[in-house]
1. What number comes out for accessible area per residue over the chain if the probe is 1.4 Å? Units Å², please.
2. Using only the Cα atoms, what convex hull volume per residue in Å³ does segment 230-339 have?
3. With a 1.4 Å probe and every protein chain kept in, tell me what percent of the accessible surface of the chain is carbon plus sulfur.
4. Tell me the net charge near G117. Cut-off is 14 Å between Cβ atoms, G117 excluded, with +1 for each Lys or Arg and -1 for each Asp or Glu.
5. So which lysines pass the test for K318, namely a Cα distance under 18 Å, with those fewer than 8 places away in the same chain ruled out?
6. Looking at this model, which pairs from K30/K152; K98/K152; K47/K232; K5/K105; K5/K232 are more than 26 angstrom apart at the alpha-carbon?
7. Kindly give the semi-axes, whole Å and largest first, of the ellipsoid equivalent to segment 152-259, taking each as the square root of 5 times a Cα gyration tensor eigenvalue.
8. Taking the Cα atoms of segment 2-154, what is the range of coordinates along each of the three principal axes, in descending order and whole Å?
Amino acid sequence: MWMFKLPTQIIFGSNSVANLGDCADRFGAKKMLVTDSFLLGLPQTRKIIAQLGDISVFSDVQPNPTVVNVDALCERLKHESTELVIALGGGSSIDCAKAAAALVKSGESSIRAFHSGGQKFGLECLPLIAVPTTAGTGSEVTPFAVLDDTEKQFKGPLASDLFYPKLAIIDPELTCSAPLKVTAATALDALSHSIEGYWSKNHQPICDLLAMEAAKNIFTHLGNVLMNPCDKTGREALSYAALIAGMAFQLPKNAIMHACSFPLSNRFHLPHGTACAFTMEGAIRLNAPHMGGRMETFARYCGFENLETMIGKISELKRLGRLPCTLKEAGIDQEQIDVLIQESFHPLMNNNPKTVTRDDLWKIYSELGE
Ligand code: NAD
């Protein structure tokens, strides 16, 4: 038995952001655009703001958004009686907007009540339109917001059906300005979603198909886009892949690579996608023998002769995107492997097809030291 759902309406295509004004007007007059300060300065953002007319802007979103960012945005939404939230940016802006749009209707003043306080949301939130500028997180179609509570030293995903955006407008042209490392890290984040959704204990047939198709697109196009950032066909394929990879993991949920990504990004400050990609080759080699040949099927679907060839391609893409491939390149000492292992046992690890032991993680991390 399995189920699939996706309450988010999707508009996809080159220049589709031109529809944003008309779509936004359907939801209410008082709108707020949520983005980060770097994106706010880009000409493409200025053009979108001009198109939206009378709109407030909140641009205090940090990469890996914090509970403080969410609470500050919530205050603004309340103060301005906002009726519609538009998130323009990578996963950080979208996640911050999702959490604040739900918080503002919850009666609480801090997202901490839900993030670490165990409270559950009610049924109401402000409508949200998500417009991604990276091809990676799939946050435009997931019920998650990953938040960092720096004071409590706790970063993790918060989940609620209220977080599904009402509408996602995916315009691949918005991703063309992303620099090499952001392009590589976000595409490998999408690849990690496809692989984790596919091997999660809760995997199911629709998500499996979406996962394989997403990975095939990434393997076919990422190398070209890294060498030619203006490759429009490639950018479109990566945005499509990130979208369907988001759909592929949002129900089965992630596993080992994401569990390991938390200490890698919290303690060693690797960007999210870079952290997910760091253990990818080792995680595939660990899980494949426990998947009854499914991982070999995945590799063949993506056009590889065998699994090792696919793993080799992953390493090649990481090198091409100048992402760290060894502990040293990631700024981690061999002596820190113990703490990495200790902090990698996040609950997402329980979705992994193989029960992960300390020895398994020791092997993965120590091989990255060679
Ligand atoms: P991001 O939003 O943190 O952005 C990274 C950097 O890239 C920022 O400096 C940003 O200004 C810049 N940038 C973004 N788009 C750009 C563009 N078009 N041109 C130039 N620069 C651009 O990066 P991200 O990887 O998209 O999001 C990461 C966050 O999303 C993390 O907090 C992660 O945990 C979270 N995440 C959420 C989900 C989910 O389902 N909600 C899934 C995966 C990851």
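1. Details: 15120 Å² over 370 residues.
Per-residue accessible area for the chain comes out at 41 Å².
2. Working: hull volume 14.8 nm³, N = 110.
Convex hull of Cα atoms, per residue: 134 Å³.
3. Numbers: 7920 of 15120 Å².
Carbon plus sulfur share of accessible area: 52 percent.
4. My count for the surroundings of G117 gives -1.
5. Cross-link targets: K181, K216, K328.
6. Numbers: K30/K152 34 Å; K98/K152 21 Å; K47/K232 20 Å; K5/K105 24 Å; K5/K232 30 Å.
Correct reply: K30/K152; K5/K232.
7. Details: eigenvalues 112, 53, 41 Å².
Ellipsoid semi-axes (Å, largest first): 24, 16, 14.
8. 41, 41, 27
The values are calculated or read from the model by the stated rules, or taken from the named source; none is laboratory data. Just so it is clear, the structure is predicted and the values come from calculations on it, not from any experiment. We place every Cβ from the backbone using ideal geometry, glycine too, and count neighbours over all the protein chains shown. Side chains included, ligands, DNA and RNA excluded: accessible areas come from the protein's heavy atoms. Shrake-Rupley method; radii C 1.70, N 1.55, O 1.52, S 1.80 Å.
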